[in-house]
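*Asks:* One structure is given below, represented as structure tokens, and several questions about it will come after.
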Amino acid sequence: TGFSGACTGATCVLSNVTSAQSVTANFTLNTYAITTMASPLAGGSVSCTPNPVTYGGNSTCTATANAGYTFSAFSGACTGATCVLSNVTSVQSVTATFTLNTYAITTMASPLAGGSVSCTPNPVPHGSNSTCTATASAGYTFSAFSGACTGATCVLSNVTSVQSVTAIFTLNTYAITATASPVAGGSVSCTPNPVQH
């Protein structure tokens with residue numbers, strides 16, 4: 001970093017020496033920066049301590065996931081789930097990879113024979129939407145959703161956790177119109193009336 005004593009500055013030329021001299025050369029231990037990056041950028045952050053690192057020193061890097069993301073692995077100067085840079089002698093680059101969380105939607109028909117339920121997409125990426133559709137089996141009519149949705153339609157908005165959706169179906173019934181001919185002749189009754197599918 002420079003001379004001191006009989007010389008100062010970056011160079012040392014002793015001119016017209018007429019006595020003993022003392023010269024000191026001053027050195028500074030090199031430090032190396034660690035460049036950190038999150039992939040994707042919205043996934044989280046990476047910090048390394050210390051940063052920069054002195055020559056031959058160690059640094060530990062930590063990945064912190066943002067809401068809705070999970071840390072996957074390090075790449076670059078580190079690979080795998082942990083990152084400890086040992087005996088650092090040059091600049092380093094560390095990337096933390098994050099994965100957007102997905103959440104499963106559990107679907108159920110009530111009764112089971114009544115029909116089916118499908119949701120798209122399923123699983124749902126964090127913060128995304130999913131639309132669920134109920135399809136009645138022969139002889140049944142869709143009544144309503146229950147669980148994460150209620151009513152006749154089901155759109156799950158800004159999903160941030162696992163969800164459960166049930167489609168309720170009703171077994172169809174059919175009325176029997178009974179007529180006596182002639183009307184004065186008598187009566188007709190049917191049991192049961194209406195009749196289940």
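*Asks:* Without any contact (Cβ under 8 Å) to a residue 60 or more places away in the chain, surrounded by 14 or more Cβ atoms within 10 Å (Cβ to Cβ) and over 25 Å from G115 (Cβ atoms), is that true of P182?
*Replies:* No: the conditions fail for P182.
*Asks:* Testing C48 on (1) farther than 28 Å from V88 by Cβ; (2) part of a strand (DSSP E or B); (3) not small (G, A, S), one condition comes back false. Which one is that?
*Replies:* Failed condition: (1).
*Asks:* Could you tell me which of the residues T89, T70, T62 is in a strand (DSSP E or B) and touching a residue at least 24 places away in the same chain (Cβ under 8 Å)?
*Replies:* Criteria check complete, one pass: T70.
*Asks:* Please indicate, with yes or no, whether at least one residue in segment 123-137 is assigned to a strand (DSSP E or B), out of contact with any Cys (no Cβ under 7 Å at 6 or more places or on another chain) and touching a residue at least 40 places away in the same chain (Cβ under 8 Å).
*Replies:* The answer is no, given that none of the residues of segment 123-137 is assigned to a strand (DSSP E or B), out of contact with any Cys (no Cβ under 7 Å at 6 or more places or on another chain) and touching a residue at least 40 places away in the same chain (Cβ under 8 Å).
*Asks:* Further, regarding this structure: Being out of contact with any Leu (no Cβ under 6 Å at 6 or more places or on another chain), assigned to a strand (DSSP E or B) and open to solvent by 70 Å² or more (accessible area, probe 1.4 Å) is true for just one of T11, T35, T28. Which residue is that?
*Replies:* T35
Per-residue answers, yes or no, for (1) among the β-branched types (V, I, T); (2) more than 30 Å from G44 (Cβ to Cβ); (3) modelled with pLDDT under 95:
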{"position": "T89", "(1), (2), (3)": "yes, no, no"}
{"position": "Q92", "(1), (2), (3)": "no, no, no"}
{"position": "P121", "(1), (2), (3)": "no, no, no"}
{"position": "A152", "(1), (2), (3)": "no, yes, no"}
{"position": "T173", "(1), (2), (3)": "yes, yes, no"}
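*Asks:* Then there is this: What residue, of Y32, Y55, is in contact (Cβ under 8 Å) with a residue 60 or more places away in the chain, aromatic (F, W, Y) and in contact with a Phe, Trp or Tyr (Cβ under 8 Å, 6 or more places away or on another chain)?
*Replies:* The conditions single out Y32.
*Asks:* Looking at I168, I176 in this structure, which one is of a type in the set (A, V, I, L, M, F, W, C) and touching a Gly at 6+ places or on another chain (Cβ under 8 Å)?
*Replies:* Answer to the selection: I168.
*Asks:* Do we find that G147 is touching a Leu at 6+ places or on another chain (Cβ under 9 Å) and closer than 30 Å to N172 by Cα in this structure?
*Replies:* So G147 fails the test.
*Asks:* If you don't mind, another one. From the residues in segment 64-103 that are small (G, A, S) and under 25 Å from N158 (Cβ atoms), which one is least open to solvent (accessible area, probe 1.4 Å)?
*Replies:* Only one residue tops the list, namely G68.
The values are calculated or read from the model by the stated rules, or taken from the named source; none is laboratory data. Note that the structure is predicted; figures quoted are calculated from it, not measured. Cβ atoms come from the backbone with ideal geometry, glycine included; neighbour counts cover every protein chain shown. Surface accessibility is based on the protein's heavy atoms, side chains included, excluding ligands, DNA and RNA. Shrake-Rupley method; radii C 1.70, N 1.55, O 1.52, S 1.80 Å.
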